[in-house]
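First up is the structure itself, then whatever we jot down about it.
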Amino acid sequence: MSLTKLNPSAGTPAVQTALMRDAKDDPVYKTIFVTPSSPVIGAEISGIDLSEPLSKQDFQEVHEALMQHQVIFFRDQALNLEQHKSFGRMFGELHVHPAAPSPEGHPEILMIHADEKSKRVAGNGWHTDVSCDAEPPMGSILHLHTTPASGGDTMFSSMYAAYETLSESMQNFLEGLTAEHGSEHVYRGRYGHTQNLRDGDYPCNIHPIIRTHPVTGRKGLYVNSGFTRRIIELSETESSSLLAHLFEHIRTPEFQVRFKWEDNSVAFWDNRCVQHHAVWDYYPSVRSGHRVTIKGDRPFLAGSEKLKS
């Protein structure tokens, strides 16, 4: 799959993208049903029960759907915490959040909850999960058991599309740059003091601005307004201006899909090529569930050595 370049003669001011896909290149699914949500990103998966152990074929097809569509959605999945963790562990070792509290006995579980007492909510801004870690998470699996009657959608944006629609000159320029991803500004006010931290301090690491996906080999933009603080190789003014441009570019509607939650829905997104934004438009209604996150590896750019700490 590849995205077409922008058409500079197009009559609309918005970015125009189109996914160039040959049907014969699509995976053949034998045990699940895959319905694309948009031409660029997202698909809804049916014909599978995530509370039960997946067969080898089921796992391979779910993984293939994730690699192809970047974020996948499931409906009517009643999961307890152990079933949720078991599904996540099929894709790798589970990640422990550096600052967030967890249910007793379940350090791998991140609680997602908002109600009439909430003064802030998790994910209310474009980001990829915990990019401040030296080895940021590969993917996240969110199960919501209680959702508002309306509102509370999550938007997902393809970082493949964000990269591939940049001019070749900008792509070449960005491939030589790295950025600092910090967390203290995010976690201190939300979760408390350092005695509660996983590592005793707030993680902060440097990653390439253009990341190569270790499975698909596709390049994507890897900066986000949640954690990315500065571009190492540029002056403060240059860094601020370029990051502001990239953050705005990431919000391009044509790169996105919007998921409307229902009770017992699941979203599974690939943090290596996707950003998301949980829309807080449902106050004072309740939106509640749990997330497991799968460990990943250190981001790198194809053709270059992996960055050292």
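Only residues in the stretch 281-299 that are of a type in the set (A, V, I, L, M) count as the first member; pair them with residues that are assigned to a strand (DSSP E or B), Cβ under 6 angstrom, at least 6 apart or cross-chain, and list the lot.
V286/T146; V292/L94; V292/I141; I294/G139
With the checklist (1) of a type outside the set (S, T, Y); (2) in contact (Cβ under 8 Å) with a residue 60 or more places away in the chain; (3) closer than 30 Å to F300 by Cβ in hand, flag the one item P107 doesn't pass.
In the conditions (1) of a type outside the set (S, T, Y); (2) in contact (Cβ under 8 Å) with a residue 60 or more places away in the chain; (3) closer than 30 Å to F300 by Cβ, P107 misses (2) alone.
Checking the condition touching a residue at least 40 places away in the same chain (Cβ under 8 Å) and polar (S, T, N, Q), which residue from S225, S235, S240 passes?
S225
Do we find a residue being of a type in the set (S, T, N, Q) and either under 18 Å from the mean Cα position of the chain (by Cα) or farther than 16 Å from A267 by Cβ (or both) anywhere in the stretch 62-70?
Looking through the stretch 62-70, at least one residue is of a type in the set (S, T, N, Q) and either under 18 Å from the mean Cα position of the chain (by Cα) or farther than 16 Å from A267 by Cβ (or both).
Consider only pairs whose beta carbons are under 6 Å apart and that are at least six residues apart or on different chains; among these, list those whose first residue lies in the stretch 70-94 and is farther than 22 Å from T216 by Cα and whose second residue is among the hydroxyl-bearing types (S, T, Y) and in a loop (DSSP other than H, G, I, E, B).
L79/S51; Q83/S51
Inspect all residues belonging to the stretch 38-57 and state whether any of them is of a type in the set (S, T, Y), surrounded by 19 or more Cβ atoms within 10 Å (Cβ to Cβ) and either out of contact with any Cys (no Cβ under 8 Å at 6 or more places or on another chain) or at pLDDT 95 or above (or both).
no
Restricting attention to the stretch 51-69, which residues are assigned to a helix (DSSP H, G or I) and either of a type outside the set (D, E) or within 20 Å of K85 (Cβ to Cβ) (or both)?
If the condition is that a residue be assigned to a helix (DSSP H, G or I) and either of a type outside the set (D, E) or within 20 Å of K85 (Cβ to Cβ) (or both), then K56, Q57, D58, F59, Q60, V62, H63, A65, L66, M67, Q68, H69 are the ones that fit.
Here is a check on your reading of the model: is W269 crowded, with 21+ Cβ neighbours inside 10 Å, out of contact with any helix residue (DSSP H, G or I) (no Cβ under 9 Å at 6 or more places or on another chain) and farther than 19 Å from L166 by Cβ?
Spelling it out, it is not the case that W269 is crowded, with 21+ Cβ neighbours inside 10 Å, out of contact with any helix residue (DSSP H, G or I) (no Cβ under 9 Å at 6 or more places or on another chain) and farther than 19 Å from L166 by Cβ.
Return the only residue of E184, E135 being out of contact with any Leu (no Cβ under 9 Å at 6 or more places or on another chain), under 30 Å from R287 (Cβ atoms), of a type in the set (D, E) and surrounded by 15 or more Cβ atoms within 10 Å (Cβ to Cβ).
E184
Does the stretch 251-268 contain at least one residue that is within 30 Å of M111 (Cβ to Cβ), touching a Gly at 6+ places or on another chain (Cβ under 6 Å) and among the basic types (K, R)?
no
Working only within the stretch 238-266, note down all residues that are of a type in the set (A, V, I, L, M), surrounded by 19 or more Cβ atoms within 10 Å (Cβ to Cβ) and part of a helix (DSSP H, G or I).
Of everything in the stretch 238-266, those that are of a type in the set (A, V, I, L, M), surrounded by 19 or more Cβ atoms within 10 Å (Cβ to Cβ) and part of a helix (DSSP H, G or I) turn out to be L242, L243, L246, I250.
Only one residue in D153, D199 is of a type in the set (D, E) and at pLDDT below 95. Which one?
None of the other options fit; the residue is D199.
The values are calculated or read from the model by the stated rules, or taken from the named source; none is laboratory data. In this text, all values refer to a predicted model and were calculated from it rather than measured experimentally. So basically every Cβ, Gly included, is an ideal-geometry build from the backbone, and we count neighbours across all protein chains shown.
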